[in-house]
Amino acid sequence: MFAILSIIVLLIGAGPVQGSATEPDPFIVVLGIAQDAGYPQAGCKRECCAAAWGDPARRRHVSCLAIVDPHTHQRWIIDATPDIRAQLRMLDALEPPTGTPGLAGILLTHGHIGHYTGLMFLGHESIGAKGVPVYAMPRMREFLAGNGPWEQLVRHGNIKLQPLTADTRVKLNERIAVTPLRVPHREEYTEVVGFRIAGPKRSVLFIPDIDKWDRWHSRIEDLIAAVDVAYLDGTFYADGEIPSRDMSQIPHPFISESMKRFATLPAEERAKIRFIHLNHTNPALDPDSTAARTVRSAGFAVANELERTPL
Ligand SMILES: [Zn+2]
Ligand SMILES: [Zn+2]
Ligand SMILES: [Zn+2]
């Protein structure tokens, strides 16, 4: 069943992009949907990961979006995850790289392991990249420039740090711009941002990590209204999901809470919402689970790897 679903998603994802034949629209493609630690998770011998250990088709990469402009052949990724090796490969299959790694830039959300440690593969033990632009907020840039092994990437010129300022648009090329949005989330080392990505026709919101919607200065519903697709924090499905931990210490909007909050939105607004960044304990990782069915029947979706949104 799951294999069939994957094929359907692939077929939809591989459909023609909108726009003229001479200038195809840029698009967003999902390269991963799991929480920082991936799925299955290291050391997990519990039921949540058993099927995924047994069947590689059930595994999921760490949450990551790519922005692709097939007209200019440019590619950017939002977050450098521990799964960057596989994710660059996925990207190469969609839009062949010019050079290695063939990235016009990497945009970083924050300094938690799933979101930046993939940078290590740009260093001389691996790709030995030359001058890949890495867009980051001020504390994130300081963190990278001031701590090994990351500072070595800066010193050797593998990466070139580029500034981001909250709420300030950065033009990636003539057709694509991104805006970082500060969000409340544990800031041990760095600020935390999500991104709004705008193309010539459409825009996408990406908020992979946030404490709770009501702890944010922005009203999430207003941001959803202003975009075409919203990839939102779906780390946990419901409270009590990790019995061994006090879940108030690792706050995220539970999918069950988000569905309740967004229940009164019109159907076309709910249809924009696609949950991403799922923890290994999240039952909605299995498309056949009751949790995943509940998400779908409420008019929302769980993000799928390789799904595309034209910009
Ligand atoms: Zn995360
Ligand atoms: Zn598990
Ligand atoms: Zn985080």
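The values are calculated or read from the model by the stated rules, or taken from the named source; none is laboratory data. Keep in mind that this is a model prediction, so the values were computed, not measured. Cβ placement follows ideal geometry from the backbone for every residue including glycine, while neighbour counts extend to all protein chains displayed. Quick note on the areas: whole protein, heavy atoms, side chains included, nothing else; ligands and nucleic acids left out. Shrake-Rupley method; radii C 1.70, N 1.55, O 1.52, S 1.80 Å.
Table for the structure above
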| read-out | value |
| --- | --- |
| Options LEU122, LEU107: the member that is of a type in the set (A, V, I, L, M, F, W, C), under 30 Å from ARG186 (Cα atoms) and either in contact with a Gly (Cβ under 6 Å, 6 or more places away or on another chain) or within 16 Å of ligand 3 (Cβ to nearest atom) (or both) | LEU107 |
| Residue satisfying condition, being open to solvent by less than 30 Å² (accessible area, probe 1.4 Å) and more than 25 Å from VAL192 (Cβ to Cβ), within set ASP69, ASP92 | ASP69 |
| Some residue of region 291-309 being part of a helix (DSSP H, G or I) and within 30 Å of PRO200 (Cβ to Cβ) | no |
| Elements of type strands (runs of 3 or more DSSP E) contained in region 103-218, each with 1 or more residues being free of Cβ contacts under 8 Å to residues at least 40 places away in the same chain and buried (at least 20 other Cβ atoms within 10 Å of the Cβ) | 132-136, 193-198, 203-207 |
| Residue check, ASP79 within 16 Å of ligand 3 (Cβ to nearest atom), closer than 22 Å to ALA230 by Cα and among the acidic types (Asp, Glu) | yes |
